[in-house]
Amino acid sequence: MTAAGVGLHLSNFQCFAVYHANIAIWRANKPILGRLGLTYPQYLAVVCLWKKDGQTVGEIGKQLLLETGTVTPLLKRLEAFACKRCLVPGCPEGEKSQYLLVQTQVGLRAGGRV
């Protein structure tokens, strides 16, 4: 073994343990979320809406620890399933961070199936 290779075992990296745990959680949740047609990040966004309906993209992003530019595409894909966007009254058209996310009936019913 070369000097550069000493200690380079995946088990020595704390980040690998976190990565491995993430994969285990993803695998455990996949069958449940697959029935709903959701990814785990989409599920987390829906959980935010189950907790408090009518949040802005920015509010949901803050809870998920994601920037608005990252959470917006996730929420756009989610719109077909569980929520719809409504412009905040008095907000300039096109200001994405000021859209409210409101649950649809399908999204509300899904809360009882998870």
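Only the coordinates and a few stated rules stand behind these numbers; no lab work does. Worth saying up front: this structure is predicted, and the values here are computed from it rather than measured. Glycine gets a Cβ as well: all are built from the backbone with ideal geometry, and neighbour counts include every protein chain shown.
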Assign unit charges at the C-beta atoms only (+1 for Lys and Arg, -1 for Asp and Glu), then state the dipole size of the stretch 16-72 relative to its Cα centre in Debye, rounded to the nearest 20. 240
So, in nm, how far is label R77 from label Q63 when the simple model puts each one 7 Å beyond its Cα toward the Cβ? 2.0
At 7 Å along Cα-to-Cβ for each site, give me the label-to-label distance between R35 and H20 in nm. 3.0
Q55 long-range amide H proximity, modeled H, under 5 Å: L101
In nm, give the distance between the simple-model label positions of N12 and D53, each being 7 Å from the Cα along the Cα-to-Cβ direction. 5.5
